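So the structure is just underneath, and the comments pick up after that.
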Amino acid sequence: MTVPLIGVTTYRLDTRYGFPAHAVAEKYVEALSEAGAAPILIPLRLPEERLDAILRKLDGLLFTGGGDIHPSRFGAQMDELVGAVDEDRDRIELHLFRQILPRSLPFLGICRGFQLVNVGLGGDLYTDILAQHPGARHHDYFPDWPRDHLAHDVEIRSGSGLAKILGVSKVEVNSLHHQGLRRLAPRLEATAFSPDGIVEAVELPGYPFGLAVQWHPEWLQAYPEMRNLFRAFVQACGQPKV
Ligand code: MN
């Protein structure tokens, strides 16, 4: 089998030496590599046509976690609860997402990447779950908790693509987000829910592999279900293009 090339979105990191770097958490790279892929980090700051040139070489795209998407991207107002916004990253990821859809390129969204998929297809977000979702529990187990802390379970819709991949109907997950999916984008299907009713996974029906989760499976690779998620994604990326 050929090794699928999977683009991985990055974030801007101000190094301790005083210059900016484009970075990605190692866990994503490890999980993709372990599942058989070659991860390709996609830098920020590039014009759209250079992004398209990269995209033409890729077999799939992983939208990683990170800071909040600027609320103007989903018709909401900036408020003091919104943090770590990077509008250049918003531009790049939304451009990439819109480019892959007509090409049916497989994608996996994680945390911010899950929110990006919903925003990219016309849905919107709670800019803060606790402040805006009645009955919400804490979902923001960061930065003082281990990133693999199992914070809550999720109920997985039976018959969904996610249920087939994970092979379970309920699973415990980590929870490293304070924002959440509010209005589901028209083309998406919600396929996992936390006990307080927050959507924790979405899928794009009829698409070769279009899936996104609110939790961080790359930190839960000790669990076979979460390894299956990366394996299924990488396998889809390795299929011949239609
Ligand atoms: Mn959660």
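No value in this document is a laboratory result; all are computed from the given coordinates. Only a predicted model underlies this, so the values are computations on that prediction, with no experimental measurement involved. Using ideal geometry, Cβ is built from the backbone for each residue, glycine included, and neighbour counts are taken over all protein chains shown.
In the chain, helical runs assigned H by DSSP with n ≥ 4 each contribute -39500 (n - 2.57); averaged across all residues and rounded to the nearest 500, the mean residue ellipticity at 222 nm is -7500 deg cm²/dmol.
Between the residues Leu181, Trp215, Gly161, the greatest Cα displacement towards the positive end of the dipole of the chain, with unit charges on the Cβ of Lys, Arg, Asp and Glu, is found for Gly161. Residues Lys164, Lys27, ranked from the fewest to the most other C-beta atoms within 10 Å, line up as Lys164, Lys27.
Count Lys and Arg as plus one, Asp and Glu as minus one, and take only other residues whose Cβ is under 9 Å from that of Ala190; the net charge is then -2. Which of the aspartates and glutamates could a cross-linker bridge to Lys27, judged by Cα under 18 Å and excluding same-chain residues fewer than eight apart? Hits, sequence-local ones excluded: Asp148, Glu218, Glu225.
Toward the positive end of the charge dipole of region 86-191, with +1 on the Cβ of Lys and Arg and -1 on the Cβ of Asp and Glu, the farthest Cα among Gly113, Leu96, Pro146 is that of Leu96. From the alpha carbon centroid of region 187-225 to that of region 136-167 is 8 Å. The fewest-to-most ranking of Trp145, Trp215 by surrounding Cβ atoms within 10 Å reads Trp145, Trp215. Within the straight-line cut-off of under 18 Å between alpha carbons, the aspartates and glutamates reachable from Lys241 are Asp52, Asp59, sequence neighbours fewer than 8 places apart in one chain being disregarded. Annotation: amide H-H contacts under 5 Å for Ala192 (H modelled 1.01 Å from N, sequence separation of 5 or more, or interchain): Arg157, Glu200, Ala201. Taken about its Cα centre, the chain carries a charge dipole of roughly 820 debye when the Cβ of each Lys and Arg holds +1 and the Cβ of each Asp and Glu holds -1. One decimal place: the segment Ile54-Asp196 gains 47.1 nm when fully extended, by the rule 0.36 nm per residue minus the C-alpha distance. Diffusion of the chain by Stokes-Einstein, at 4 °C in a medium of 1.567 mPa s and with Rh set to the Kirkwood radius over alpha-carbon pairs, works out to 72 µm²/s.
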